[in-house]
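Heads up, the thing below is written out as structure tokens.
The values are calculated or read from the model by the stated rules, or taken from the named source; none is laboratory data. Remember, it's a predicted structure, so these values are computed and weren't measured experimentally. Because the Cβ atoms are built from the backbone with ideal geometry, glycine has one as well, and the counts that use them run over all protein chains shown.
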Amino acid sequence: MTKRITILGGGPGGYIAAIRGAQHGAMVTIIEHTSFGGTCLNWGCIPTKAYVESVHHGEKNLKLMKERKDGIVEQLVKGVMTLLEKNKVEIIQGRGRVISPREVEVELADGSKKIVENDVLILATGSKTFQLPLPGIESSRVLDSKNILNLEEIPQTIAVIGGGVIGMEFAQIFAALGTKVTVIEMLPKILTNLDEELVRRLQPVLKKEGIEILAGTKVTGITEKEDGIEMSISGKKDDIISAQYVLSAAGRIPNHDGIDYEKLGLALDGRFVKVDALMRTNLADVYAIGDLTRSPMLAHVASYEGEIAIQAVFGGEKGADYQAVPACVYTHPELAGVGLTENEAKEKGLAFKVGKFPFSANGRALTQNAAYGMVKIIGEEGTGKIIGAHILGPNASELIHELTLAVRWGLTVEQVAETIHAHPTLAEAVLEAAHGVFGKPVHAL
């Protein structure tokens, strides 16, 4: 009998699962109440990268940047819709509510309701911005990563709450547009999940661009004024910061909309849906993927989990493996990493060596006038396996994938070092760093 699969959520996890399910011969229905492609395509990864590229090429007109961004998003959303349609996935635009593991009620745009029955339910409702419990946070001058994209005039000043990936990318975008940017981070360091040494090397670049970073500082209150806001902070010293706008970028939490966990008896792991390695929940034939689960909140992880879930629906037994999840920050220069950092390797008590190679000694980087940063590879002593790799520099988000393959499949430093890399390329810095783990690179003293 043909399986009926219902997917609640049309983001990068949901729509990938829908297409894969249809390719397996299932009757697939996907339910989405906003725009297909999810936060990543519509208000996250793609829009911010469009802005990053615009300012990198010298664009200073925020309205033109927004128009360009909107065009790119529209094209990609149409592409997702076409893929779903061509794979004969039933598309329902509406707000879904799970009333039982086998039934989802959908409220359509006209107010009418429809019941969708299934044999398999995949929950893919994603995440939403974490709303800080702060006095004044409801001010119209406090923006999140979604509505900041609606600005058409460049603000003179902006204060960013949160020194994570979202906060730092927007900080650099607006600094490039001429905005005075202040970043407030509660933790002692920004970008805490990435390699500490490379983050430290990124900070002088940010400072030179006029971005002020107040780490170890907590926001205690926000007061709206006629022409902006005043923000009370507490840290090394108590102070008042004035800004035209505030960007709240203090993280994201799972989006529970349409899922009554208690009524359904769906097990949670803190705020997250509890799943096994095959993305199965405690309810029969109910799966959860993406930001709903306790895995890295990244679009590519959601897509991967969508694949894992569909394989499991059709009898597959290959579980999710998160040892090699690349993480990228689209600052300039870019920052990327995979596997363990040095600190994590130390905490695990592993014996390891580190190889480094600077882009200042790489010919291709010099020709691009992008010679700041380095490649850093962590190799396990004894086995020689690459257990972590981190890059600060040009095209780090692309270069990291060679090393992601190495970490994923247990390749050794020697195997990478013995692989011919084309010349002149940025990837030669990866080759040289591999040589440097247990020996010496050629083009550095």
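Taking the criterion of being assigned to a strand (DSSP E or B) and of a type outside the set (D, E, K, R), the residues of region 111-131 that qualify are 115, 116, 120, 121, 122, 123, 127, 129.
Checked against (1) surrounded by 15 or more Cβ atoms within 10 Å (Cβ to Cβ); (2) closer than 30 Å to residue 254 by Cβ; (3) basic (Lys, Arg), residue 318 meets all criteria but (1). Checked against the criterion of being closer than 25 Å to residue 200 by Cβ, small (Gly, Ala, Ser) and surrounded by fewer than 18 Cβ atoms within 10 Å (Cβ to Cβ), region 366-381 has no qualifying residue.
Among the residues of region 409-437, which ones are among the hydrophobic types (A, V, I, L, M, F, W, C), surrounded by fewer than 22 Cβ atoms within 10 Å (Cβ to Cβ) and farther than 15 Å from residue 378 by Cβ?
Within region 409-437, 409, 420, 422, 427 qualify.
The single residue among 373, 384, 393, 339 that is more than 30 Å from residue 45 (Cβ to Cβ) and outside the structural domain of residue 198 (by TED's automatic domain parsing) turns out to be 384.
Of the residues in region 41-64, none is out of contact with any Ser or Thr (no Cβ under 6 Å at 6 or more places or on another chain), modelled with pLDDT of 95 or more and within 30 Å of residue 1 (Cα to Cα). Working only within region 232-250, note down all residues that are in a loop (DSSP other than H, G, I, E, B) and closer than 15 Å to residue 157 by Cβ. 244, the sole residue that qualifies.
Within region 292-309, does at least one residue satisfy the condition of being assigned to a loop (DSSP other than H, G, I, E, B), in contact (Cβ under 8 Å) with a residue 40 or more places away in the chain, over 14 Å from the mean Cα position of the chain (by Cα) and within 30 Å of residue 36 (Cβ to Cβ)? There is no residue in region 292-309 that is assigned to a loop (DSSP other than H, G, I, E, B), in contact (Cβ under 8 Å) with a residue 40 or more places away in the chain, over 14 Å from the mean Cα position of the chain (by Cα) and within 30 Å of residue 36 (Cβ to Cβ).
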